[in-house]
Each structure stands twice: as C-alpha cells, then as structure tokens.
Amino acid sequence: YLPMMRVHTFLLSLPLFPTASSAFLPPLHFPISRRGGAFPVPDIANLPHLLEQLALIEIRFNATTREYTGNRVVRVPNKVRGTQGSTVLLGEVGRDENWYTTLPLGEPAQHVNTDLDMLSADWWVFSTKSNKGSFFLDFNSKTYIDSKSPLSFPTCRLPSDVLHLFVIRRAVPVTFAHCRPAQQWSRSLLPNGAYLGLAPSTHLSQLKTTSLMPQLIEREIIDRPMWSIVLLSSHEGLFSMGGTVIATVKGLEEGTKPALVHTSQHGELKRDENKGKESTKDLKPEFDWDNEWKWIKVRGSEGWWQVSIDGIWIEGEIILHDQPIILDVNTPFIVAPPQAAQTFYASISGSKRLPPPHDRFYAYPCLNTPQLYFEFGGWKAEVFTGKRDPVISASGGGLSLGRMATGSEHCIGVVVESRLGVGEDGGAGLADTWIIGEPFFRDVHVAFDWESKQVGMQRV
C-alpha cells in the first residue's frame, strides 16, 4: 500500500528537465485512483454484483463494431439512429470503478476529475445541471475562450483554456471538447467531469478533435507519443504521458540512459521451436523482467490495444497457445472465451463451474491457488500474485473474487467466461478474444506506444 500523499511526494522528486544522459523530454506523471476504492473482494463473493459487472463490461465492448476502410478493418462506434438526445459519446463520465486522474483546467485552476478509457479516443469535458461529479465552470475561468461554432457532435463545442502542469510549473494552452446536454435530456442529470480516451486509433473518435497527448507534443512539453499505467495498489497508481515512471526513476538511479528505450531498438524475439512440448524451464531465463521491457506489436482490427499472448501457463505446463487479448484497465476481471475458460479451469485440480444463473463463473479450491504465468515472445510474467495488496490477497490469493459461501473451501476465480460475440456472425471480432483487465495491471507495468503501435510490459 502506498498512500496518495507519498505518490505526490514522489512526483515532486522527479526532474523537471531532461537529464544530461537523455535527449528526451521527461514524461509527465499523474496520480490515478479507482473511483469508489478497490474492487470489492469480500470473504464471501457477492455473485449478483459480479454478474452486474459482467453486464456492464458487455455494454462497453458492444458499443463499437468493425467496418472496412479501404483495405483495412477498423473499429468504429456504433451508429445510433434517433433524436439528438439519444446520440451519446463512448464512455460514461464519473462511473463508479473507473480509474481517473485530476486535471487542473482554467485560471484559477479548477480540478476536474478525468476518467481514463482505453476503448475510446476523444478528450472531452462534460458539464451538466446535476450536482454530482467534479465541475468545470467556464464562466469562472479568466482564460476560457469559447469557439465560434459548435462541433458536428450535438451540444459540444471546442473552446480553449489552460492546463496547469504544476510539477513542471507551466500553464499550457489546450483545446478540448466541452459538451453540455440540453436541460430536457436525461443526460443532463449525469455527473460532471471529463473523459480522456487512450485508444490508438482515430477511427474511434466521434468528435474529430485533437486529444491531449498530441497537443502536449506539439507544445514541446513531451516528445514521445507514449503513455503508461502502473498500479501501486488496488486503488491507486500512476498514469504517465511521454514515457513511463520506471524510465525516469532508472535514469535517476543509474545516471545513464532511461530504462525505457525506443521501441525500434527491440527486435522480434523468437519462441522455442518445440512449441507443443514446452515447460517453464524452456522460457528464456536471460530476460530480466525487472530491468527490461518486452514489446509486442498491436494486431487485429485497428482500434483497441489488442496483442497476442503466446502462452498461458499453470503450474509449469502450457495450457493455451496464441490467444488474442485486449487490454483494458477498467475491466475488473480477466474475461476469457468460453472454450478457453473451460480449458483454464480444467487445468486447476478441483475446479468446477457454478450453476445458472452464475454459470459464467468458476470456483477452485482456495488452498490450491496455482502458479500462473502469461508468456510474451518466449518470456513469462507471473500474474495474479496478490503479493502487493492484502485487500486482494485474502481468501484464495490474487486469483480469488471471494469464497463461494460461508465455510466453503472453494473460491470464485477472477477468470470469467465471456459471451461477447457468441452466436453472432463474426461477433465483431470478440468471440475468441480475451479481455485482460485490472488484475493483470497489478502485476505488470504496461506502456503503450501510439507511434509504433506496440505495447511494452515490465514487472511492477
């Protein structure tokens, strides 16, 4: 556990300017929190709540579809037909259990809670008539300049104002979409706040405006189109733009180059050719997860941060090969395709599927928590360890969502079965795809390179 005060103290200790050892501008770091606190893992699993969470995940992922643009398959928002009041942006400002940071906008600064979203691509501020959320009041800012014409999206305009970056002691002019639903619309009762889409494709943009990170690059505040997330506990972490916090710390400690080097310096790394006969001893031991990064190319339909996991290992044996995954920190589970979920739990002795209506969940013996690894390019990362957060590592360790019942020796597993795309023609590309959510981010520091369309990973 790392109190947020220590996070702020740590950020203030980072350098304001490039070190002599690096030609790059240092990244910007922002504390992040999980709205509502840690995902609840009580001693007894709350199955109705878990089922509700699964339904919300499906709503978020079903909000887009695939289409052809030229010779490419891209992911785009679903087209909604109806009144302007039914035309909504991807995402939900102020949603409980979203990860968010705070951005100081305007003069004087107004601290606006900004939800981070890996499934959308727009940056927008949402002002409603409700008294919920965090407010941005344009009439209270001396530097707010409204746009002369509205955006093509209903009720949104493109004003400019200043963003305060207190760590580097600068106020930077920025533009952002400012959306205000009409008073008669039901959306005017939703929380105030802001939303920052982090998806790597502009095809997911509904506003067709310039997001925050490209503006910071244009203003020469940062110089690398890269962002990263590291979770320090089950409810706190750091969000970085322009690099990673590990790079900054390593650069300070070593007095040489930052640990995060340009992705072009990472060549493709081959797996053992004996693919069907691996054991953990075959994985390359010379790779130092603590001091190096592993980079994987984004694949699949252009839109989300989708990569391929080479193997899933349980107790030293590989059980699944070449699985497509989508990374999303706001998903509280690991969501697996039906056949993959069944294979996963069949590999854990004593596991069983729950009866309907909770048959998308599985239980395993609490005292038989297996050692689990995800393999990327011949190297493995141990996952679901629960080592850094006692809240998560109660009954059944980091794999557990709580016991089945009072006195039960079985725990509900965090790997749950997906129904996304099942029974649909093509399934919008989701039928055979894993969603790798927050539990993975607790053990692995993840970086996202917009320019090279790569995902980097390092042990937290």
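The values are calculated or read from the model by the stated rules, or taken from the named source; none is laboratory data. Keep in mind the model is a prediction, meaning the values are calculated, not measured. Neighbour counts are summed over all protein chains in view; Cβ atoms, including those assigned to glycine, are modelled from backbone coordinates with ideal geometry. Heavy atoms of the whole protein, side chains included, go into the accessibility calculation; ligands, DNA and RNA do not. Shrake-Rupley method; radii C 1.70, N 1.55, O 1.52, S 1.80 Å.
Length gain on complete extension for the stretch residue 367 to residue 175, per 0.36 nm per residue less the alpha carbon to alpha carbon distance?
Values: separation 192, 0.36 × 192 = 69.12 nm, distance 5.34 nm.
Between residue 367 and residue 175, full extension yields 63.8 nm more.
Ignoring ligands, DNA and RNA, what percent of the accessible area of the stretch 319-460 is carbon or sulfur (1.4 Å)? Can you show the working numbers first?
Working: 2340 of 4650 Å².
Exposed carbon and sulfur together represent 50 percent of the surface.
What is the sum of charges, Lys and Arg at +1 and Asp and Glu at -1, for the other residues whose Cβ falls under 11 Å from the Cβ of residue 64?
Working: positive: 60, 66, 75, 79; negative: 67.
Around residue 64, the charge tally is +3.
Which FRET efficiency value, to the nearest 0.05, do you get for residue 109 and residue 406 by plugging their Cβ-Cβ distance into 1/(1 + (r/R0)^6) with R0 = 51 Å?
0.55
Hey, what's the stretch 57-216 come to in accessible area per residue, 1.4 Å probe, Å²? Present the calculation step by step, with values, prior to reporting the outcome.
Values: 7340 Å² over 160 residues.
In whole numbers, the stretch 57-216 has 46 Å² accessible per residue.
Pulled fully out, how much extra length does the chain show between residue 315 and residue 160, if you take 0.36 nm times their separation in residues and subtract their Cα-Cα distance? Intermediate values should be presented prior to the final figure.
Values: separation 155, 0.36 × 155 = 55.80 nm, distance 5.45 nm.
So the chain would gain 50.3 nm between residue 315 and residue 160.
Express the relative contact order of the stretch 29-98 as a whole percentage, based on alpha carbon pairs under 8 Å and six or more residues apart in sequence.
Details: 36 pairs, mean separation 26.6, N = 70.
Normalised by residue count, the contact order of the stretch 29-98 is 38 percent.
I need the peptides 360-368, 318-326 ranked by packing, meaning the mean over residues of other C-beta atoms within 10 angstrom, with the highest value on top. Before the final figure, lay out each step's value.
Details: 360-368: 20.4, 318-326: 18.4.
So the peptides 360-368, 318-326, ranked by packing, come out 360-368, 318-326.
Could you work out how much longer the chain between residue 145 and residue 55 gets when fully extended? Use 0.36 nm per residue separation minus the Cα distance between them, nm to one decimal.
Values: separation 90, 0.36 × 90 = 32.40 nm, distance 4.04 nm.
Length gained between residue 145 and residue 55: 28.4 nm.
Given the C-alpha centroids of the stretch 160-186 and the stretch 438-452, what is the distance between them in whole angstrom?
So the two Cα centres are separated by 26 Å.
When the accessible area of the stretch 135-246 is split by element with a 1.4 Å probe, what percent falls to carbon and sulfur?
Values: 2540 of 4580 Å².
That share works out to 56 percent.
Which order, highest average first, do 211-221, 141-151 follow once you tally other Cβ atoms within 10 Å for each residue and take the mean per peptide? Write out the running numbers ahead of the final one.
Numbers: 211-221: 16.7, 141-151: 12.9.
Result, highest mean Cβ count within 10 Å first: 211-221, 141-151.
For every other residue with a beta carbon closer than 15 angstrom to the beta carbon of residue 152, add +1 if it is Lys or Arg and -1 if Asp or Glu, then tell me the sum. Intermediate results must be reported in sequence, preceding the final value.
Working: positive: 79, 148, 157, 208; negative: 122.
Local charge sum for residue 152: +3.
For the pairs 352/380; 380/453; 294/453; 297/380, note any where the Cα-Cα span goes beyond 25 Å.
Values: 352/380 27 Å; 380/453 21 Å; 294/453 14 Å; 297/380 17 Å.
Going by Cα-Cα distance, 352/380 fall outside the 25 Å limit.
When the dipole is taken about the Cα centre of the stretch 78-157, and only Lys, Arg (+1) and Asp, Glu (-1) are charged at their Cβ, what size is it in debye, to the nearest 20?
On the way: 8 positive and 9 negative charges, 77 e Å.
Once rounded to the nearest 20, the dipole reads 360 debye.
Per residue, what accessible area does the stretch 331-460 have, given a 1.4 Å probe and all protein chains present, in Å²? Walk me through the numbers before you get to the answer.
Working: 4400 Å² over 130 residues.
Here the per-residue accessible area is 34 Å².
Could you sort 29-35, 194-200 so that the peptide with the highest average Cβ count within 10 Å comes first and the rest follow in order?
On the way: 29-35: 20.4, 194-200: 24.1.
Final packing ranking: 194-200, 29-35.
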